[in-house]
């Protein structure tokens, strides 16, 4: 601290020293805030503003009605359908696999392989994932070929090939195919996020339940699941969000023929398919709203989880 | 003892998981080796790796990846350091800001970028160079959650104040403190964040596609449309790269934070 003297010059200095640190402290993070404001906040608010303007720039709520456009409505429904189904299926699969490799005592080598592959597959998305599934389950794919040639003699000297999946109506370039493809990163994501919670279940709780005469069902229903459900729900929301925002896999797999919201937004950016840019902004902001709800619920659940599962 | 019994239910699910992992992996490998009729060969890989367009787009994406890493270290390292040293009360705000890219889907983000910067007053998409500036900023935003969190977690493990005071008493200026004292102590964290960011840029499709730059993602989509065996070979290569990146990240950071996401969806 500078000393105060009678000299008016140094009084000024003292004032400067007292005010400066607070300002200086914020100056240190100014580049970061500038960057975030220009390249993240500005583009987002710009879309947001566009969603509530008409083409002349006046405020309007009409663009929100874009959701009633049959194509837009359909795209939201398909996106929701794919996200809900893959997060439910991926959630259930991931939960049981996490169970198998944590408290389920699966063989040790399986545990090691599953754990490290979960890390890999949860990170494997986008265009290469679509290619992998085309090579496996496409028209001439590896698995398609194997399944097609499993044939049995049928009545009248003919052959029946019950696993010719394309003959049976399967198509990789459809919502079903997309679901199978998304599951490749969905269930590993579940394994990674739920395994720590399963490991946090204390052996004493199970023993206490047994001592009180409870069987396996009682333990899971009355003890384990009530503790786990916030983690399970939280992880499922994470899965939902990761499928809902996905674009690259669907684009590379189907060439944009499945109308997900993300694909729809892509088409809107390329060529204004809605014939109204402002409705396009509303369409995009709708996605952010859905994602924001997910993240808020997720962080609330996260807070609940940490209460029980602290080691 | 009951605990010794083999748990069939667990075994069943473990096998389901293994099959789901390995069937597409093996299928892709098998498919990628069958470009030459009737025999297994590495032809598809040869074709991919010798395609000048592949090399050009790979070079572009790798360059952008390096630039992104450099910019984000220059931006986030001082910021996180300063937050820990002088502005701990601002950390919650910054944490929320850095998770925003998770909430805004990339396709929406690129929509916002185009609407904001392609027209007046910025006109950034009118030349290749300014578009590259825009796309770099976009990549830095996308890698922000990983880079920030990686550096933040690393910074928590070191005595920021102690190191700073020691360096100051030896006469260091801010630049020296940051890059000669703090950075070497955060090597693992910064390297982990850098690898994730680099891998993210390499695998990124949306920014490169919609800002119309010759990146690897759009190239792969185009090959996927035109060819049969090469995409499978590229999927295998990308699998290998992801694997290597994850191993390096493991070495660099030893299991911190949540799972990174390397390729865009």
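Taken together, the values in this text are just the output of simple stated rules run on the coordinates, not laboratory data. Quick caveat, the model's predicted, so the values are computed rather than measured. Note that each Cβ is placed from the backbone with ideal geometry, even for glycine, and that neighbours are counted across all protein chains shown.
Here are some notes:
- Equivalent-ellipsoid semi-axes of the range A:125-252, from the Cα gyration tensor, Å, largest first: 41, 24, 11
- Semi-axis lengths (Å, descending) of the ellipsoid that matches the C-alpha gyration tensor of the range A:74-175: 31, 22, 15
- Listed residues B:191, B:170, B:211, most fluctuating in chain B (Gaussian network, C-alpha, under 10 Å): B:170
- Residue B:157-residue B:241 FRET efficiency (beta carbon distance; Förster radius 35 Å; 0.05 resolution): 0.75
- Principal axis box of chain A, alpha-carbon based, largest edge first, Å: 115, 67, 32
- Inter-site label distance for residue A:222 and residue A:210 at 7 Å from Cα along Cβ, in nm: 1.7
- Kirkwood Rh, angstrom, the range A:137-209 [1 / mean 1/r, Cα pairs]: 16.0
- Rh by Kirkwood over Cα pairs, then Stokes-Einstein D for the range A:193-311 at 1.306 mPa s and 10 °C, µm²/s: 91
- Packing here is the average count of other Cβ atoms within 10 Å per residue, and on that basis the peptides A:97-109, B:124-136, A:188-200, highest first, run A:188-200, A:97-109, B:124-136.
- Here the range B:50-173 is treated as an ellipsoid with the same Cα gyration tensor; its semi-axes, largest first and in whole Å, are 33, 19, 14.
- Rounded to 0.05, the FRET efficiency of the residue A:34 and residue A:170 pair, given R0 = 35 Å and the Cβ-Cβ distance, is 0.10.
- Whether chain B is rounded, prolate or oblate, judged on the alpha carbon gyration tensor where a/c under 1.5 counts as rounded: oblate
- Placing a label point 7 Å from the Cα of residue B:183 along the Cα-to-Cβ line, the residues of the range B:66-110 whose backbone N sits under 19 Å from it are B:66-85.
- Two-site FRET efficiency, residue A:45 against residue B:169, from Cβ-Cβ distance with R₀ of 41 Å, rounded to 0.05: 0.35
- For chain A, the longest principal axis of the alpha carbon atoms and the long axis of helix A:126-137 meet at an angle near 0°.
- Other protein chain C-beta atoms within 10 Å of residue C-beta, averaged over A:261-272: 3.
- The orientation-averaged projection of the convex hull spanning the C-alpha atoms of the protein assembly as shown amounts to 37.3 square nanometres.
- Global geometry of the range B:109-265, whether rounded, prolate or oblate, following the gyration tensor of its Cα atoms and the 1.5 cut on a/c: oblate
- Annotation for residue A:159 and residue B:11: the two label points, set 7 Å from Cα along the Cα-Cβ direction, are 3.4 nm apart.
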